[in-house]
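Report on the following structure.
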Amino acid sequence: MNSLIKRLKMQFDVEEQTQRSNLSFINATALQLPALLTHLRDYEKYTQLIFLTAVDRIEDNQFQLTYMLADESSQNNIGVRVRIDRENAVMTSIAHLWHHARTYQQELREMFGIDFPGSPGVNDNFILEGWEEIPPMRRDFDTREYSEKTYFPRPGRSTTHPRTAMKAVDPDYPELPLMKGRVK
Amino acid sequence: MYIATKAFYLFVSIIVALVWGLTVNGIVRKIVARVHGRIGPPVWQPFIDIIKSNAKRSMIAHGVMFYFGPVFRFAGGLGTYVFIPAVFGSVVFENLSFSGDLLLVMYFIFFGQLGMALGAGEGGHPASAIAVGRGLAQMTAFELPFALSIISLATQYNTLSITDIVAAQQAGVMSWTVFTNPLATFAALFALLGMNMHSPFDIVIAPQEIPLGPPTEYQGSLLGMLHTNRGIFVSAKLILFMNLYFGGALNLPILMVKTFAIYMLSVVVGVAFPRFRADQSIRFFLGVPTVLGILALLIQ
Amino acid sequence: MDRSKFPEIVDGKSQYDLDSGRFVKIWNGPQHPGVTGNMALEVVISGDEVVDLKTHVGYLHRGFEKLMEQRLYIQNFPLVCRICVPEPDTNEYLYAAAVEELSGLEVPERAQWLRTLTLEMSRLASFIMWLGGQAGSFGMGTVGQWAVAVRDYVLDLFEAITGGRIYHMYITPGGVRDILPEGFDADLEDVLKKVEKFMHDAEIVLFHNAVFKKRTKGLGIITPDMIDPYGILGPNARAAGSTRDVRKDSPYAVYDKLEFNVIVGSDSDAYDRARCRFQEMQQSIELIRQIMEIMPRKGSFYNRPPNVLHWQIPPGETYVKAESTRGEYGYYVVSDGSNKPRRVYVKGPSYTHAVALFEQMAVGTNYADLPGLMVSLHTYPPEIER
Amino acid sequence: MKSTENKIIHPLENAGVPEDQRHLYCDASPRPYPALNKYVERFLNWARANSLWILGYGTGCGAIELRPLLTSRFDISQYGMNPRPTPRQSSVFIIGGYLSVKTLKRVIRSYEQMQNPKFVVGLGSCTVNGGMYWDSYNTVNRLDYYLPVDVYVAGCMPRPEAIIAGFEKLKSTIMAGQAEGANEYAERFDWYKSNQKKIIKDWDMPDYNW
């Protein structure tokens, strides 16, 4: 793993962060991503794309895309992180590298509103149907408010915060009430 | 007066056949359930199902032929039954066997399916259309060994009249066709497996692939009619086979025992096998059963 | 594969002309008994041959990932098991493992053993149900009925341990919720014997059945060079010769203390895949027996996390994985230092199998084989759309 | 197909369907069917209650408990229940838990294709008030705003025994002649439709499905 990172640093401008002995994250720029992924796939035996997903870094006004790759023996994982602009979210498609990248990109297009020009069928509905609001996985979309506005909530549900809910069951809450006396 | 009596006898005979057919269906469902390790529905469940189907308040239609589908099917089942002598030598249960022979009965077996094909095609559901295609292809395939077997029988007994064939088998157990002409019998029993639409030949109604096949669009009383037909048609087929190959029946209890035993063949095979694809089942029918039929014909 | 006789593909869409009368478009599902769970197949057939297939998912979308961002870490613990209904324990384990890794919470040894036990049991239950489904999709209702009944015995065991039949909510961050009840060993052995008897019967009735062989041999072949481009995982890949098994490659829980071999097939047609899964069932039973033999019976089974209502987890991100019945299951959890996760991404193995792979494999098969082919890929829709 | 009913309560436009296909669909609202003679109806209700055909549509995770229910362990076929693969022939619709909007659309279509005495069983807490997914952006909270529900079985997930108890309840309701969900749907058709159309944003299907 370490030697791989060293080799990568020689060729690409990346930063790395090791999470576990078999999991590392490297930060790359959006421009060098296709080259980096192709390099990892073809020369470093990181042949499998496990997933591709996004994290909404709304405080930086950015999306973080994570491409998780696994090597041939599926022992080591490497996560390639890319930050892209949140307002004009466009990213290079990697559908030519892996067939199943298409559906991930379709999903990101739908749930985050990130466009992948050239990815087959990227604008088709994948999960949602007839969605009119902002893409639901963005942080500024309030699912609770939307649900209460739309789906005729049944009256009677007051709060879900467990502090109050659990107090109602057991007045002397401070210890974990359910585990009392069971820990050996 | 004669006609009135005859009609009354026929009516009684049909009712008995219907009740027996539905009861057999109920018993078979129960047996299959026991094989699955279930308790299974009550034996009278098919009757309740028919009442309930007819108790539906609303009904939809897809045109005239849609109505005719179950009617043809029912007519096919009824026609098959009324031209077969159910109990040999009985006045009540001899039906109209004097005026029809084997060829007519074979025609009626085919007729119901064709009528159903027309009606189901009108229903407009693509699964029905696919199922009809499969059903007709498969039926043509199993009709071949059946026809060969019938021809073999006709040469053996020198007649096409079912009553005469039954009469020729009354000399004792060893004079039954199953012993005098085993090849023809086995060819026909293979065809019966196909006719009864149990596994492995139930691709026509395979619920996992084409939900229910031809009757997909049928509901309410039309479905009730199809279910009624299922009772009569089962009786008719089994009685036909009993008459042709297993020496007929001299009274109702023997008829019940023999038809039930014949049906159990389909059931036992059905619970033990997955289903064939349409093309595979056609190849199957054109293989061993057809060879058996041809051999039976050659030996005669 | 040779696509020359099938319609041309332009921009991911197959170009066929429905008006020409050569093609019929059929919707298999979502209301269709032949598809696994609630999903739809848009099939275009010509004669009996499938010329194009598109998988439609999203009917079970509940927005888990969004809901998890709204809830405290501990509130997510009963939520995650709902993602995969037939095999919920993998989700519970992975969520717990991710949270533990990010927060640095230690897990007692005994809890790891109990976790492995439930994971293997849920694998067994899921495989049994799959076997029933595979038999049922080829019209062999008998084995299907037996399978569901036998699976119920395993569910009874789960009920004895956790109190729940389907959703167990057993593996919590920090350990497990409870120890095994009195007399569990004997019950477990009893059930394992029943399962073995069922498998013996299924072997005779199903795997030695000529019709079943005829239907499944040569159906839906996965070649080794398809594995990486399509992201094929688990038994589907192993039947094609891959040796990837997360339990062996990067052992989690206590899998490094157990002895087992990775089951590898050779042909990877539907029959071979069924065979591989059947062997994995036997392996699961062996593993459960091993676990019961060497599992420590004393000691703590739960390390209490800090007050869970104020439990803030330091910023970081991690990816944890485990081997489910369908292949590698993964959780990618991002924490931003608050008391709610920033992002939880659930990677279900069916995601690639049911969409990209199945759309490719179905082309050219017989329409009647579609349900069987689909079950033989072992897909569960809820983990695709979550 | 054209409707064979002459009595049109409320003309439907089928605006969601392309214009050239509108004639293919029904253009009449459903109408309530009155009960027959008291004694006849009692007999028919007995038959209906003892031959409940379940539509084989697993709409959610509740479908996983339907399998043990339909097979050897809890075999409900002994009570005369059977799964039917087609909505035309089924009389009971089991909503297996949460309904996403996408599924609700298909559920409505399937429900409307079922024939008049038809019953809906809502399985799980999520059909009652949204259950665990009450604040999800994609699942409906109250099933009875979109379909007339006869019996709710609460729980997550309800155990098979609970579902059987629910069916017993449904049976007694039917025998008492109170399970008139289909008629209620027809009578309050506009209300149900407006609720459905409120959450299904792209209404690209006919207003009433035969």
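For segment C:70-76, backbone phi angles converted through the Karplus equation (6.51, -1.76, 1.60; θ = phi - 60°) give residue-by-residue couplings of 8, 10, 5, 4, 6, 5, 6 Hz, Gly and Pro being listed as x. Modelled spin-label separation between residue D:169 and residue C:243, with each label point placed 7 Å from Cα along the Cα-to-Cβ direction: 5.7 nm. Label positions at residue B:107 and residue C:49, each projected 7 Å from the Cα along the C-beta direction, are separated by 4.0 nm. Just for the protein assembly as shown, what percent of DSSP beta bridges are antiparallel, to the closest 5? So the antiparallel bridges in the protein assembly as shown amount to around 75 percent. Under the simplified labelling scheme, the residue B:3-residue C:266 pair shows an inter-label distance of 7.6 nm, with each label point 7 Å from Cα along Cα→Cβ. The mean count of C-beta atoms from other chains within 10 Å of the C-beta of residues in A:129-138, rounded to a whole number, is 5. Which shape class, rounded, prolate or oblate, goes with segment A:2-129 when its Cα gyration tensor gives a ≥ b ≥ c as root eigenvalues, a/c under 1.5 marks rounded, and past that a/b bigger than b/c marks prolate? Prolate shape, in that a/c is at least 1.5 and a/b is the bigger ratio. Tell me, what is the FRET efficiency for residue B:75 and residue C:210 to the nearest 0.05, using R0 = 45 angstrom and their Cβ-Cβ distance as r? E between residue B:75 and residue C:210, to the nearest 0.05, is 0.75. Shape of segment C:250-386 from its Cα gyration tensor (a ≥ b ≥ c, root eigenvalues): rounded if a/c is under 1.5, otherwise prolate when a/b > b/c, or oblate? Oblate shape, in that a/c is at least 1.5 and b/c is the bigger or equal ratio. Electrostatic bookkeeping for residue D:47 treats Lys and Arg as +1 and Asp and Glu as -1; over the other residues with beta carbon under 14 Å from its beta carbon, the sum is +4. Centre-to-centre separation between the Cα atoms of segment D:51-68 and those of segment B:71-118: 40 Å. Beta bridges assigned by DSSP with both partners in segment D:19-199 are antiparallel in approximately 10 percent of cases. Peptides D:114-122, C:271-279, B:87-95, ordered by how many other C-beta atoms sit within 10 Å of their residues on average, highest first, read D:114-122, C:271-279, B:87-95. Excluding same-chain pairs closer than 8 in sequence, count the lysine pairs in segment B:2-299 whose Cα atoms lie under 23 Å apart. Eligible lysine pairs with Cα atoms under 23 Å apart amount to 5.
The Cα atoms of chain D give a gyration tensor whose axes a ≥ b ≥ c have a/c of 1.5 or more with a/b no greater than b/c, which makes the shape oblate.
Among the helices of chain B, those built from whole DSSP H runs whose Cα atoms reach 18 Å or more along their own axis and whose mean Kyte-Doolittle hydropathy is at least -1.0 are B:2-36, B:64-82, B:102-123, B:126-157, B:182-196, B:220-245, B:252-272.
Counting charges near residue B:39 (Lys, Arg +1; Asp, Glu -1) among other residues having Cβ under 12 Å from its Cβ returns a value of +4. Pairs of Lys residues in segment D:19-199 that lie 8 or more places apart, or on two chains, and have C-alpha atoms under 13 angstrom apart add up to 5. Between residue B:57 and D:116, the built amide H atoms are under 5 Å apart, and every one of these is 5 or more places off in sequence or on another chain. Can you tell me the 0 to 90 degree angle between the C-alpha axis of helix C:141-162 and the longest principal axis of chain C, rounded to 10? Compared with the principal axis, the helix lies near 20 degrees.
Only Cα pairs under 8 Å and at least 6 apart count here; give the relative contact order of chain B as a rounded whole percent. Relative contact order, chain B: 28 percent. In the protein assembly as shown, the calculated helix contribution to ellipticity at 222 nm averages -14500 deg cm²/dmol per residue, counting -39,500 (n - 2.57) for every DSSP H run with n ≥ 4.
Net charge of the neighbourhood of residue C:140, taken over other residues with C-beta under 10 Å away and scored Lys/Arg +1, Asp/Glu -1, is +2.
None of the figures in this text is laboratory data; all of them are computed from the coordinates on show. Small disclaimer: the values here were computed from a predicted structure and weren't measured. As a convention, Cβ positions derive from the backbone with ideal geometry for all residues, glycine included, and neighbour counts pool all protein chains shown.
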